[in-house]
Amino acid sequence: MEYRFVGKQSPGAPAWAFRNSGIMLHGQSPQSMELNQDFPVSIEYQLLGSDSTRAQITGSVCTPGTNILINNELILDHCTQSSSKEYMDDQWVTAEVEVRGNKIIKHIINGDTVMVYSQPQLDEREQYYEKLLQLNNGEKMLSSGTISLQSEGHPCDFRNVEIKVLKED
């Protein structure tokens, strides 16, 4: 898919939401979310934009209610930065993601792989862990779930959104 940030930050939106959007993967179903839950438990392929006031690297990963492995190391930090560069103003950026269940996930920006991780899993520290564990058939590891596009307070255009089912290895 392609994305770009346009316009101005929405009034009242938090500062961290500046030119901030994402693709939520292995996501929690809307029906299972609590009324005041901030985000679905998921893996977020973070899409960020830059301008003359703020430089931000895109293609990172954030893990609301989840954890991942990078180089076989369990990552407990909420966000981990990718190796991408910054993309300025209202420039269109191509974001691809390759998801092979819970084996491997790759973030690709404008044809460059900028992040690779594996074994997405529920975080035992998550407030709704026990409920989500039951909904996932007692499995901590995430190998499926919803896909959604996210916007966090700054207008974002999306186009050419495509989903391709990959053959199993």
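Tell me, Leu76, Leu25, Leu135 in order of fewest to most beta-carbon neighbours within 10 Å?
Ranked by crowding around the Cβ, least crowded first: Leu76, Leu135, Leu25.
Taking C-beta distances below 4.7 angstrom as the pairing criterion, name the unpartnered cysteines of the chain, in sequence order.
Lone cysteines by the Cβ rule: Cys156.
What is the extension gain from Lys131 to Ser144, computed as 0.36 nm multiplied by their sequence separation minus the C-alpha to C-alpha distance, in nm to one decimal?
Full extension from Lys131 to Ser144 adds 3.0 nm.
From Cα pairs below 8 angstrom and at least 6 apart in sequence, can you work out the relative contact order of region 13-154, rounded to a whole percent?
Value for region 13-154: 29 percent.
What does the C-alpha gyration tensor say about the overall shape of region 2-107? Classify as rounded when a/c is under 1.5, otherwise prolate if a/b is larger than b/c, or oblate.
Oblate shape, in that a/c is at least 1.5 and b/c is the bigger or equal ratio.
When a/c is below 1.5 the answer is rounded, else prolate if a/b is larger than b/c, else oblate, so apply that to region 117-167 with a ≥ b ≥ c taken from the square roots of the Cα gyration tensor eigenvalues.
It is oblate, given that a/c is not under 1.5 and a/b is not larger than b/c.
Indicate the gyration tensor shape class of region 48-138 (rounded, prolate or oblate), computed on the Cα atoms with a ≥ b ≥ c the square roots of the eigenvalues: a/c under 1.5 is rounded; otherwise a/b larger than b/c is prolate and the rest oblate.
Prolate.
Quickly rank 1-7, 89-95 as a protection proxy: mean count of other C-beta atoms within 10 Å, highest first.
Sorting 1-7, 89-95 by mean packing, highest first, produces 1-7, 89-95.
Reachable aspartates and glutamates from Lys106, Cα under 20 Å, same-chain residues fewer than 8 places away excluded?
Reachable aspartates and glutamates: Glu2, Glu44, Glu73, Asp77, Glu86, Glu96, Glu98, Glu162, Glu168, Asp169.
Only helical DSSP H runs with n ≥ 4 go in: add -39500 (n - 2.57) per run for the chain, normalise by residue count and round the 222 nm mean residue ellipticity to 500 deg cm²/dmol.
When only DSSP H runs of four or more count, the value is -1000 deg cm²/dmol.
Just so you know, all these numbers are worked out from the coordinates, no wet-lab data involved. Everything numeric here is computed off the predicted structure, so don't read it as measured data. Reconstructed Cβ throughout: ideal geometry from the backbone, glycine too, with neighbour counts over all protein chains shown.
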